[in-house]
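Engineer: Attaching a single structure in structure tokens format; questions to follow.
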Amino acid sequence: MIKKRNDKIRAQLEKALLYMEANLSEKLTAREIAEHAHLSPFHFQRLFSAYMGEPVSHFFLTRRLEKSAQILSETPETNLLELALDIGFETHSSFSKSFKKHFGIS
């Protein structure tokens, strides 16, 4: 019984992770992600933190930053403002601050 429950939770979290990955440039809320995974927002956030070791919002921000770093390494001539907007940041400034805080470089 426990294995079935764990498998179901794992499948729901996988569905949430795939949804986040497919929508990195969107401003998703935990509620939207939870709905996509067919979980209540509270339960989803609790499970996500337990399984992933960090809150949903932090994980999502990290994935967006990692994606932007990948784009920059593959195409260094990328316009930073366009990249920031394409990856879901509202301003170049908020992107730069987050990038520097995460990676330690600007």
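The values are calculated or read from the model by the stated rules, or taken from the named source; none is laboratory data. Everything quoted here is computed from the prediction, not taken from an experiment. All Cβ positions, glycine included, derive from the backbone under ideal geometry; neighbour counts span all protein chains shown. These accessible areas exclude ligands, DNA and RNA; they are computed on the full protein's heavy atoms, side chains included. Shrake-Rupley method; radii C 1.70, N 1.55, O 1.52, S 1.80 Å.
Engineer: May I ask you to give the percent of accessible area on segment 1-79 that is carbon plus sulfur, with a probe radius of 1.4 Å? Write down the numbers at each step before the final one.
Structural biologist: Numbers: 2890 of 5200 Å².
Percent of accessible area from carbon and sulfur atoms in segment 1-79: 56.
Engineer: Taking a 24 Å limit on the Cα-Cα distance, which of the listed pairs 67/97; 15/101; 15/100; 67/101 fall beyond it?
Structural biologist: Where the Cα-Cα span goes over 24 Å, the pairs concerned are 15/101; 15/100.
Engineer: Now a separate question. Taking the solvent-accessible surface of protein heavy atoms with a 1.4 Å probe, what is the per residue accessible area of the chain in Å²?
Structural biologist: Each residue of the chain exposes 67 Å² on average to a 1.4 Å probe.
Engineer: While we're looking at this one, here's another question. Hey, if you put +1 on the Cβ of every Lys and Arg and -1 on every Asp and Glu Cβ in the chain, which of 53, 84, 65 ends up farthest toward the positive end of that dipole?
Structural biologist: Ranked along the dipole, the leading option is 53.
Engineer: To continue, here is another question. Relative to the first principal axis of the alpha-carbon coordinates of the chain, what is the inclination of helix 41-52, with its axis defined by its Cα atoms, in degrees from 0 to 90 and to the nearest 10?
Structural biologist: 80 degrees
Engineer: For Cα pairs less than 8 Å apart in space and 6+ apart in sequence, what is the mean separation divided by the residue count of segment 11-106, i.e. the relative contact order in percent?
Structural biologist: It rounds to 24 percent for segment 11-106.
Engineer: Helix 56-74 versus the longest principal axis of the chain: what is the Cα-based angle in degrees, 0 to 90, to the nearest 10?
Structural biologist: That works out to roughly 40 degrees.
Engineer: Can you pull the one-decimal nm distance between simple spin-label points at residue 101 and residue 29, each 7 Å off the Cα toward Cβ?
Structural biologist: Between residue 101 and residue 29, the label points sit 2.1 nm apart.
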